[in-house]
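> Structure incoming, see below.
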Amino acid sequence: MSKLALLGGDPVRTELFPAHNFIGAEEKQKVMEIMDSGVLSRFLGVWHDDFHGGDEVQAFEREWADSYQAAYGVSVNSCTSGLYAAVGAAGVGPGDEVIVSPYTMTASVTAAVAFNAVPVFADIDPKNFCLSPDSIRARITERTKAIIVVHLFGHPADMDEIIEIAAAHDITVIEDCAQAPAATYRGRPVGTLGHMGVFSLNYHKHIHSGEGGIVVTNDDRLADRLRMIRNHAEAVVTGREIDSLVNMVGFNFRLGEIEAGIGRVQLGKSQGLVDRRRDNLAYFNRNLPSVPGLRISPAADYVDHSYYAAVLNYDAAAAGLSRDVLIKALHAELPETRMRKGHGPLIGGGYVKPIYLYPMFQEQIAYGDKGCPFKCPHYKGEINYAAGICPETEKAHATIITHEYMQPSLAESDIDDVLHAFAKVAENMDALRAFEQDGNRD
Ligand SMILES: *Cc1c(COP(=O)(O)O)cnc(C)c1O
């Protein structure tokens, strides 16, 4: 039995894991072509052919929409911008409620706040960490205007049921697909299951252009409103047949030609990169040794998960060992990843803390000092952001382990090292329990 690194033994590996770098010669060539053209953006904030941006932007939008079987793609400079534009396009405003997930990156919640609407947190389903249809149903009021569904970690939410609930109440469904490119739900790509789907091209995501994003939709009115909000709507409404001035206040959410060009090349690589994640994760799961209290959280059989992250459920009571010490032991065995030094090994406890526990919600202060949108006089509902409102989220956050040992840059031999670290922990559970008993939990 080999001694754990945490307890003074040698670690399984010290050589950094290979970097998750999939920017190559094609992207470089594309960027040089765009540089040579001298046109790094061709957007104009007036009603003109160039209102829709340059050649790369328009080609990127067409290609992305085709690949997601969507009628329209509207590129933006981030998924955050895309979520803001989508909430605006849906006509959300003061007094409205938007049902959101508490277990997500903050932008999927602040998008509602940005239009002075009140986020209402529904709970997650612990089987996929996405919004639970039952919890959504319980949170709907006559003020509910939209639902922002997040396909968290790359696992699609239970869309059939969510869409049915939304349709019955005439509610717009926005899918946050930042973590789920190339994921499918009952054979259909995510993004067009609801009214609008928003993707990220941020550096941390499956494919990237540094920063960037795109919204897909099959609805021509929504597509038009998204384009308006992206590009100075207020200046462009005159002379156009705009049926509503609601939220026709624009931003500059425009994507540059260089990012759009890189995005086109990356889109071409996305299926291969996601497939590689799937293969790597299958290898990891197939070979994960048995560790007390640890269980793989399986993907539903009607989805194709795209594995932004993978989840292991951990029962500390059954194992007789806290999650903190288990993770500490794994961290001591494993190195960091090239290009990500300072981030630690690609495994940790939980994800983000439930969003309603952030100061913005606890203090109910967002825009200005008058408590808007929470205390806005147009708002007639009752706000509750107390700890305990989403028990499944809080429980998941306190118990799950998330990891990224399926990144496309990893070879099976790299994953073997990670599996070896788990095996070492499993062999040394008694020593770890004793370590914890000696007061070494933190
Ligand atoms: C990354 C992420 C975003 C934000 O994406 P950006 O392109 O960085 O703005 C939004 N939602 C989720 C779920 C994300 O993971």
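The values are calculated or read from the model by the stated rules, or taken from the named source; none is laboratory data. Remember, predicted model here, so these are calculated numbers, not experimental data. Methodologically, a virtual Cβ is constructed for each residue, glycine included, from the backbone with ideal geometry; neighbour enumeration extends over all protein chains shown.
> Considering (1) of a type outside the set (Asp, Glu); (2) under 24 Å from Ile400 (Cα atoms); (3) within 16 Å of the ligand (Cβ to nearest atom); (4) not in a helix (DSSP H, G or I), say which one Leu255 fails and leave the rest.
Among (1) of a type outside the set (Asp, Glu); (2) under 24 Å from Ile400 (Cα atoms); (3) within 16 Å of the ligand (Cβ to nearest atom); (4) not in a helix (DSSP H, G or I), Leu255 violates only (2).
> Do we find a residue being modelled with pLDDT under 95, surrounded by 14 or more Cβ atoms within 10 Å (Cβ to Cβ) and within 16 Å of the ligand (Cβ to nearest atom) anywhere in region 68-77?
No: zero hits.
> Another one. Kindly evaluate Ala19 against the criterion of being away from the ligand (no atom under 16 Å from the Cβ), part of a loop (DSSP other than H, G, I, E, B) and either modelled with pLDDT under 95 or not aromatic (Phe, Trp, Tyr) (or both). Spell out the reasoning first.
Numbers: away from the ligand (no atom under 16 Å from the Cβ): yes; part of a loop (DSSP other than H, G, I, E, B): yes; either modelled with pLDDT under 95 or not aromatic (Phe, Trp, Tyr) (or both): yes.
Spelling it out, Ala19 is indeed away from the ligand (no atom under 16 Å from the Cβ), part of a loop (DSSP other than H, G, I, E, B) and either modelled with pLDDT under 95 or not aromatic (Phe, Trp, Tyr) (or both).
> Something else about it: Please determine, by comparing only the residues of region 263-278 that are over 18 Å from the mean Cα position of the chain (by Cα) and among the basic types (Lys, Arg), which one is nearest to Pro126 (Cα to Cα).
Top of the filtered list is Arg276.
> Going residue by residue through region 320-328, is there one that turns out to be of a type in the set (S, T, N, Q) and more than 30 Å from Gly8 (Cβ to Cβ)? It would help to see each step written out before you state the result.
Here is the first cut: in region 320-328, the ones of a type in the set (S, T, N, Q) are 322.
Cutting the leftovers down to more than 30 Å from Gly8 (Cβ to Cβ) gives us none.
Looking for residues that are of a type in the set (S, T, N, Q) and more than 30 Å from Gly8 (Cβ to Cβ), one finds none in region 320-328, hence no.
> Let me ask something else about it. Can you tell me which residue in region 187-220 is farthest from Glu161 (Cα to Cα), limited to those that are more than 14 Å from the ligand (Cβ to nearest atom) and touching an Asp or Glu at 6+ places or on another chain (Cβ under 7 Å)?
Restricting attention to region 187-220, the residues satisfying the condition of being more than 14 Å from the ligand (Cβ to nearest atom) are 187-189, 192-195, 216-220.
Subset that is touching an Asp or Glu at 6+ places or on another chain (Cβ under 7 Å): 193-195.
Numbers: Leu193: 11, Gly194: 11, His195: 14 Å.
Only one residue fits best here, namely His195.
> Only one residue in Glu436, Glu382, Glu392 is over 26 Å from Ala282 (Cβ atoms) and in contact with a helix residue (DSSP H, G or I) (Cβ under 6 Å, 6 or more places away or on another chain), so which one is that?
Details: Glu382 fails: in contact with a helix residue (DSSP H, G or I) (Cβ under 6 Å, 6 or more places away or on another chain); Glu392 fails: in contact with a helix residue (DSSP H, G or I) (Cβ under 6 Å, 6 or more places away or on another chain).
When all the criteria are applied, what remains is Glu436.
> Another question, if that's okay. For region 333-360, which positions are β-branched (Val, Ile, Thr) and surrounded by 16 or more Cβ atoms within 10 Å (Cβ to Cβ)? Steps first, answer last, please.
Taking region 333-360 and keeping what is β-branched (Val, Ile, Thr), we get 337, 347, 352, 355.
Thr337, Ile347, Ile355, listed by residue number.
> Something else now. Among the listed residues Tyr283, Tyr308, Tyr302, which satisfies the condition of being closer than 27 Å to Gly194 by Cβ and surrounded by fewer than 23 Cβ atoms within 10 Å (Cβ to Cβ)?
Working: Tyr283 fails: closer than 27 Å to Gly194 by Cβ; Tyr308 fails: surrounded by fewer than 23 Cβ atoms within 10 Å (Cβ to Cβ).
Answer to the selection: Tyr302.
> Just wondering, is there one or more residues in region 93-111 that are under 30 Å from Ile401 (Cα atoms) and over 21 Å from the mean Cα position of the chain (by Cα)? Explain how you work it out, then say what you get.
Taking region 93-111 as the starting set, the residues that turn out to be under 30 Å from Ile401 (Cα atoms) are 98-111.
From what's left, over 21 Å from the mean Cα position of the chain (by Cα): none.
No, the conditions are met nowhere in region 93-111.
Condition check ((1) modelled with pLDDT under 95; (2) crowded, with 21+ Cβ neighbours inside 10 Å) across all residues:
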residue: Asp176; (1), (2): no, yes
residue: Pro181; (1), (2): no, yes
residue: Thr184; (1), (2): no, no
residue: Gly187; (1), (2): no, no
residue: Tyr203; (1), (2): yes, no
residue: Gly212; (1), (2): no, yes
residue: Asp220; (1), (2): no, no
residue: Ile229; (1), (2): no, yes
residue: Ile242; (1), (2): yes, no
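> Moving on. Would it be correct to say that Ala65 is in a loop (DSSP other than H, G, I, E, B) and either touching a helix residue (DSSP H, G or I) at 6+ places or on another chain (Cβ under 6 Å) or away from the ligand (no atom under 13 Å from the Cβ) (or both)?
Details: in a loop (DSSP other than H, G, I, E, B): no; either touching a helix residue (DSSP H, G or I) at 6+ places or on another chain (Cβ under 6 Å) or away from the ligand (no atom under 13 Å from the Cβ) (or both): yes.
It is false that Ala65 is in a loop (DSSP other than H, G, I, E, B) and either touching a helix residue (DSSP H, G or I) at 6+ places or on another chain (Cβ under 6 Å) or away from the ligand (no atom under 13 Å from the Cβ) (or both).
> Follow-up question, since we're still on this one. Which number in (1) touching a residue at least 40 places away in the same chain (Cβ under 8 Å); (2) under 20 Å from His208 (Cβ atoms) marks the one condition that Tyr72 misses?
(2)
> Pairs only if they're at least six apart or on different chains, beta carbon under 8 angstrom, first in region 27-55 and at positive phi, second of a type in the set (A, V, I, L, M) and buried (at least 17 other Cβ atoms within 10 Å of the Cβ); list them, first residue then second.
Close Cβ pairs (under 8 Å, with a partner that is of a type in the set (A, V, I, L, M) and buried (at least 17 other Cβ atoms within 10 Å of the Cβ)) amount to Gly53/Leu255; Gly53/Ala260.
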